[in-house]
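For reference, the structure discussed in these notes is given below.
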Amino acid sequence: MTDRVIHFESTPNPATLKFIFPETIANETFEASSPQEAERSPLIAKLFGFPWTQKVFLGSDFVSVTKADWVDWNVLAGPLKGLIEEHWNSGGEFLKADGGAQTSNEYDPSDSPLVRKIKEILIRDIRPVVALDGGDIVFSSYEDGKVFVTLKGSCSGCPSSTATLKQGVEARMKELLPEVREVIAI
C-alpha cells in the first residue's frame, strides 16, 4: 500500500496551521488545550509531547495545531506533517469513542423552535465556512436575542475572529432570524 499524504496550509490565526487529509478521519470534532484533555485522541496526545504545542483541534478531515510564540512554523511544519502522516499511515487512531456524548450543535428534543433554527444555520451555513479556516463554532445558548457560541480550533484566539463573528456569523443570523440581535463568543 502506498503511503497516504496530507498537506498543510496557514489559517487566519498565525499561530495555527491546518493539516488536511483527503478523507474523513473523525465523525466528530475534538479539541484539547493540555495533555490531560488529549486522552481521547492518541494523535493529539502525541502532539502534546512537544513543549511548543498550545492547542490541537481535530475536525472531520483536518487537524489544526496551535503553537507557542517562541517557535516558527518554518521549523515545525515539515516535521509535524511527517509525524501526522506517520501516525495515519501506521493505522493510528485519531479519536476514541466516548460513549456517544452529545455536542451542543446536535438537535435536542427540548430545544425551542428558535434554538433549532439557530443550530440548523450553524450546521448548514456557518460551520462549513469556519472549518475551511481550521476551526469550528459550537452553540452554547440563546437568551434575550443573544446567541452565545464557543469558537474552537484556529478560530479561538485568532486576531480576525471578532470580525468573522460580527460580520459573518452575526450578520447571517440576523439576516435569517430577526429575533437574533447579537452573537457573542464565550
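The numbers here are math on the coordinates, done by the rules we state, and not lab data. Please read all numbers here as calculations on a predicted model, not as lab measurements. Don't worry about glycine lacking a Cβ; one is built from the backbone with ideal geometry, like all the others, and counts go over all protein chains shown.
Quote the charge dipole size of the chain about the Cα centre in Debye, to the nearest 20; the model charges only the Cβ of Lys and Arg (+1) and of Asp and Glu (-1).
It comes to approximately 240 debye.
Put +1 on the Cβ of every Lys and Arg and -1 on every Asp and Glu Cβ in the chain; which of 83, 36, 130 then has its Cα farthest towards the positive end of the dipole?
The residue sitting most towards the positive pole is 130.
Semi-axes of the range 131-185's equivalent ellipsoid from the Cα gyration tensor, sqrt of 5 times each eigenvalue, largest first, rounded to whole Å?
20, 12, 9
Excluding residues fewer than 8 places away in the same chain, name every one of the lysines whose C-alpha is closer than 27 Å to that of residue 166.
Cross-link targets: 18, 55, 67, 117, 119, 146, 152, 174.
Sort the following peptides by mean Cβ neighbour count (other Cβ atoms within 10 Å, averaged over residues), highest first: 89-98, 130-139, 8-17, 143-152.
130-139, 8-17, 143-152, 89-98
Report, by chain and number, residues whose modeled amide H sits under 5 Å from the one on residue 54, excluding near sequence neighbours (fewer than 5 apart, same chain).
Residues meeting the criterion, in which the H sits 1.01 Å from N, are 66, 67, 68.
Taking the Cα centre of the range 1-111 as the origin, how large is its charge dipole in debye, to the nearest 20, when only Lys and Arg (+1) and Asp and Glu (-1) carry charge on their Cβ atoms?
400
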